[in-house]
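Structure first, commentary second.
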Number of protein chains: 2
Amino acid sequence: MSQNVYEPHNHSACVRHAIQEAQALCEEKGARLTRVRLRVLELIWQSHKPVGAYELLPLLAQEGFNSAPPTVYRALDFLLELGLIHRLSTINAYVGCNRPHGSHPVCFFICNCCGRAQELENDKLRAMTRQVEALLGVTVEQQMTELSGVCPACREHTTPETSGEHCCHDH
Amino acid sequence: MSQNVYEPHNHSACVRHAIQEAQALCEEKGARLTRVRLRVLELIWQSHKPVGAYELLPLLAQEGFNSAPPTVYRALDFLLELGLIHRLSTINAYVGCNRPHGSHPVCFFICNCCGRAQELENDKLRAMTRQVEALLGVTVEQQMTELSGVCPACREHTTPETSGEHCCHDH
DNA sequence: CGCCTTAGGTTATAATGTTGCAATTCTACG
DNA sequence: CGTAGAATTGCAACATTATAACCTAAGGCG
Ligand SMILES: [Zn+2]
Ligand SMILES: [Zn+2]
Ligand SMILES: [Zn+2]
Ligand SMILES: [Zn+2]
């Protein structure tokens, strides 16, 4: 929904939109968005900060769901398969997808300070892929780009005396 | 050394070049390329297929080196720090760096069939970074792109009857 | 040598992700 | 409806990857 998660925005709308998209996509593909799967997706969307698989365990347990690793990983696999979430391998965490419509090149910026991640649609990325294919004669099937650094919000909050510390945002 | 690891090439030259570069870099930076560190680097360079940390353990043990996880990870950390190797986070494996001269944007293509990885210098990548910085107002500090698919050698070797199997190359 | 810094040895443990199998629930079809 | 087959979940154990803590050994230098 939001094009820049580092700016204040109506996050409820992000969540609502994501869930609606998910339900529509599952309907369309005949996939079953069961209670656990839906709840995991909701939990992931609670913020734009990617969440680790093992962080989800206690959250699910708290709500009476079964909470063993396979439960979470199966839900994550399902959501990944449908493209509803992405896995950020540099930080071993999972985050909701902006436009869950089929497999697409993935590009994220991750703030090292607040942890929030912004998905990016980038035409330079496609150009790069084509260039690599032409150069090496390969066929690209998957691609993942992870940028990291400091977001505008964190740069602003990081005054000289607080530098080195981490600021904490909820989403 | 090689600009395309999927083509036949003089791999000894790759290794020799990498080790020389490493020694020069350590000299220049006053870093100590100890026996374990050098051997780990050599082992990583034995092929263009990224190697897992735990694969190195028995290889080191076999040569009389201490082989507990910390030994290997400390060597890897040292080599990563100097930029002599890269970590491919999508496959949790380590591979030698082409041009070990300071921190630089990392871009690899990884063949899903033979596992060999080719590092790429790509101007589209820099353009993308600038575009992202301008778009979000962020500051990019690190970046990693991992493409995967099928290399020319594997596409050629994968006839209809062998499709689905993996071909094995040494480097 | 004697002091300091860096590197390595050792043990244990944390963090992340998988396998295998039985039990349950859902779906489709007659 | 009722039942067979498929998909999903529960559960226990295990595999893989990485780190912490604490101490000893080795190298650099006055
Ligand atoms: Zn939001
Ligand atoms: Zn931030
Ligand atoms: Zn080579
Ligand atoms: Zn290949």
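The values are calculated or read from the model by the stated rules, or taken from the named source; none is laboratory data. Keep in mind that this is a model prediction, so the values were computed, not measured. Cβ coordinates were reconstructed from backbone atoms using ideal geometry, including for glycine residues, and neighbour counts include every protein chain displayed. Just the protein is used for accessible areas: all its heavy atoms, side chains included, with ligands, DNA and RNA removed. Shrake-Rupley method; radii C 1.70, N 1.55, O 1.52, S 1.80 Å.
Some notes on this structure:
- Every listed requirement among (1) more than 16 Å from ligand 2 (Cβ to nearest atom); (2) closer than 22 Å to A:Ser103 by Cβ is met by A:Gln46 save one, (2).
- Being surrounded by 17 or more Cβ atoms within 10 Å (Cβ to Cβ), within 30 Å of A:Cys107 (Cα to Cα) and away from chain A (no Cβ under 11 Å) is a description that applies to B:Leu76.
- Selection status of A:Val150, out of contact with any helix residue (DSSP H, G or I) (no Cβ under 6 Å at 6 or more places or on another chain) and either polar (S, T, N, Q) or under 23 Å from B:Cys111 (Cα atoms) (or both): no
- The listed residue being more than 16 Å from ligand 4 (Cβ to nearest atom), outside any helix (DSSP H, G or I), within 14 Å of another protein chain (Cβ to nearest Cβ) and among the basic types (Lys, Arg), out of A:Arg87, A:Arg99: A:Arg87
Residue-by-condition table, conditions (1) more than 16 Å from ligand 4 (Cβ to nearest atom); (2) hydroxyl-bearing (Ser, Thr, Tyr); (3) over 20 Å from B:Ile110 (Cα atoms):
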{"residue": "B:His17", "(1), (2), (3)": "yes, no, yes"}
{"residue": "B:Ala22", "(1), (2), (3)": "yes, no, yes"}
{"residue": "B:Glu27", "(1), (2), (3)": "yes, no, yes"}
{"residue": "B:Leu38", "(1), (2), (3)": "yes, no, yes"}
{"residue": "B:Leu43", "(1), (2), (3)": "yes, no, no"}
{"residue": "B:Ser47", "(1), (2), (3)": "no, yes, no"}
{"residue": "B:Pro50", "(1), (2), (3)": "no, no, no"}
{"residue": "B:Ala53", "(1), (2), (3)": "yes, no, no"}
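- Scan of segment B:1-48 for residues that are closer than 22 Å to B:Ala61 by Cα and open to solvent by 90 Å² or more (accessible area, probe 1.4 Å), ordered by number: B:Arg32, B:Arg35, B:Gln46
- Applying the condition of being polar (S, T, N, Q) and more than 16 Å from DNA strand C (Cβ to nearest atom) to segment B:83-134 and asking which residue is farthest from the chain's Cα centre (by Cα) yields B:Gln131.
- The residues of segment A:96-108 that are closer than 19 Å to A:Gly52 by Cβ and among the hydrophobic types (A, V, I, L, M, F, W, C), listed by number, are A:Cys97, A:Val106, A:Phe108.
- Residues that are touching a strand residue (DSSP E or B) at 6+ places or on another chain (Cβ under 8 Å), at pLDDT 95 or above and within 19 Å of B:Ile19 (Cβ to Cβ), drawn from segment B:70-101: B:Leu76, B:Leu79, B:Leu80, B:Leu84, B:Ile85, B:His86, B:Tyr94, B:Val95, B:Gly96, B:Cys97
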